[in-house]
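The values are calculated or read from the model by the stated rules, or taken from the named source; none is laboratory data. Remember, predicted model here, so these are calculated numbers, not experimental data. FYI the Cβ positions are ideal-geometry reconstructions off the backbone, even for glycines, and counts take in every protein chain you see. Just so you know, the surface numbers come from the protein's heavy atoms only, side chains and all, with ligands and any DNA or RNA stripped out. Shrake-Rupley method; radii C 1.70, N 1.55, O 1.52, S 1.80 Å.
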Amino acid sequence: MNYRIAWVVLGLTFAPALAHAREPSADTGSSAPSSAERTLPTGGLSLAGLVGNGFEDGVNVGFGARAGYGFDRVYVGGTLVYHLGETRKANTLGGSEDVSVNVWYLGGEVGYDLAAGPLRVRPYGGVGMGTARGCLGSSCDTESRAYIAPGVVGLYPLSDRLFAGVDARFVVPLDDDSDFDHFGLFATVGGYL
């Protein structure tokens, strides 16, 4: 079931790109550049939203934001992601109670932009702090851990400033007993200021 969500996210991410690929080219007299002619800036401030899924129980659907600055091809920025997690019923001595868990993380990223036609591909490495929150009924506990997150983002220009793309990352908490290491796949939409 989680893989179906991933395919939907990928489809929704690339649908605008496919629509723009069919725009009239400059050869037909249109003033709009073709998708092959569009490029994103190689530097400057960028902001983007993220919506996707972490493929692990307790992580699941998530959303967040990314902000950063490009220095020619080197990208330095940060990401905040909140995963909705899950809630289940658990049997207790007095009946049953809701058990819920969710995860969020905040960290910095450093990447390097590579051009692939109109696409920009950015392998990156992230490091930060993540927090898992678990609740049994109204009693909750949180635990924070440092994490690393290698990943890659592909960006497609929708205009000379706006982009859509896909972000794939593997979040790895830096402890041996964590169950929250997960692969995350996100659709991203944003722009350069």
When residues of segment 54-63 are filtered for being open to solvent by 20 Å² or more (accessible area, probe 1.4 Å) and outside any loop (DSSP other than H, G, I, E, B), how many remain? 3
Residue 90 passes all but one of the listed conditions (1) modelled with pLDDT of 90 or more; (2) open to solvent by 20 Å² or more (accessible area, probe 1.4 Å); the exception is number (1)
Any chance segment 119-131 includes a residue that's open to solvent by less than 80 Å² (accessible area, probe 1.4 Å) and farther than 24 Å from residue 191 by Cβ? yes
May I ask you to list the residues in segment 96-114 that are in contact (Cβ under 8 Å) with a residue 60 or more places away in the chain and over 19 Å from residue 180 (Cβ atoms)? 113
State the number of residues belonging to segment 142-157 that are under 20 Å from residue 52 (Cα atoms) and open to solvent by 30 Å² or more (accessible area, probe 1.4 Å). 3
Across segment 51-76, the tally of residues that are modelled with pLDDT of 95 or more and within 13 Å of the chain's Cα centre (by Cα) stands at 10
Limited to segment 168-185, what total is found for residues that are at pLDDT 90 or above and either surrounded by fewer than 20 Cβ atoms within 10 Å (Cβ to Cβ) or more than 16 Å from residue 127 (Cα to Cα) (or both)? 6
